[in-house]
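Colleague: Pasting a structure here, questions to come.
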Amino acid sequence: MPAYKSMTFTSHMDAALAEAVAAAERGEVPCGAVVAGPQGIVSAAGNRTRELNDPTAHAEILAIRAACDALGQERLTGYDLYVTLEPCPMCAAAISNARITRLYYGAADPKSGGVAQGPRIFAHPQCHHKPEVYDGIGAAAAEALLRDFFAARRD
């Protein structure tokens, strides 16, 4: 009889949501991201575009940079990215370049998404690495956070 190894899935979306809440408290669009591997969470970040005056300071980019720095490597093969909002095209390209193994995201982004919406970066023939993609993880919480954030700015 073959031996089977039991695998347990651990979602790190709660940590990404905590980063999104912290981003909102800083006045940033509430998006959070976490890079996790076999050892657990390696890095976590929330949007900081306004704080850093940097249009590339999206949660995904910051989390990828921090994980690469912490691990001392330029690629994140074998690592997963959890993000509260569907990555934009810039972040999707960074995810591909970093060789992230699996992408888990919460809320869809019909306006600015680059994975299931818009340019669908991972489906493009010039995309060299396509992570496994799982959407809708913690979507209700991420959508509520975004909805409340933008509603407060319209008032």
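The values are calculated or read from the model by the stated rules, or taken from the named source; none is laboratory data. The structure presented is a predicted model; accordingly, all values stated were derived computationally and were not measured. Every residue, glycine among them, receives a Cβ derived from its backbone with ideal geometry; neighbour counts consider all protein chains shown. SASA here: full protein model, heavy atoms, side chains in, ligands and nucleic acids out. Shrake-Rupley method; radii C 1.70, N 1.55, O 1.52, S 1.80 Å.
Colleague: Express the Stokes-Einstein translational diffusion coefficient of the chain in µm² s⁻¹, to the nearest whole number, given a Kirkwood radius over alpha-carbon pairs, 37 °C and a viscosity of 0.692 mPa s.
Modeller: Numbers: Rh = 15.6 Å.
Stokes-Einstein gives a translational diffusion coefficient of 210 µm²/s.
Colleague: Can I ask one more? For the stretch 1-96, what % of the accessible area comes from carbon and sulfur atoms, probe 1.4 Å?
Modeller: Carbon and sulfur together cover 55 percent of it.
Colleague: I'd like the antiparallel share, as a percent to the nearest 5, of DSSP beta bridges with both residues in the chain. Walk me through the numbers before you get to the answer.
Modeller: Working: 10 of 19 bridges.
The antiparallel fraction comes to roughly 55 percent.
Colleague: What 222 nm value per residue comes from the helices of the chain, counting each DSSP H run with n ≥ 4 as -39,500 (n - 2.57) and dividing by all residues, nearest 500 deg cm²/dmol? If you can, show how the numbers build up before the last one.
Modeller: Details: 5 runs with 55 residues, N = 155.
One gets -10500 deg cm²/dmol as the mean residue ellipticity at 222 nm.
Colleague: Also, I was wondering about something else. Which of the peptides 15-27, 80-92 is most tightly packed, and how do the rest follow, going by the mean number of other Cβ atoms within 10 Å of each residue?
Modeller: Values: 15-27: 19.7, 80-92: 25.9.
Top of the packing list down: 80-92, 15-27.
Colleague: Further question on the same structure: In percent, how large is the relative contact order of the stretch 1-104, given Cα pairs closer than 8 Å and 6 or more residues apart?
Modeller: 24
Colleague: Report, please, the projected area of the stretch 16-63 averaged over directions, based on the convex hull of its C-alpha atoms, in nm². Don't jump to the answer; show the numbers that get you there.
Modeller: Working: hull surface 11.4 nm².
Its average projected convex-hull area is 2.9 nm².
Colleague: Test of understanding: what is the full-extension gain from Glu25 to Arg102, defined as 0.36 nm times their sequence separation minus their Cα-Cα distance?
Modeller: Working: separation 77, 0.36 × 77 = 27.72 nm, distance 2.84 nm.
This chain segment gains 24.9 nm when fully extended.
Colleague: Still on this model: Solvent-accessible area per residue for the chain at a 1.4 Å probe radius, Å²?
Modeller: Working: 8380 Å² over 155 residues.
With all protein chains present, the chain gives 54 Å² per residue.
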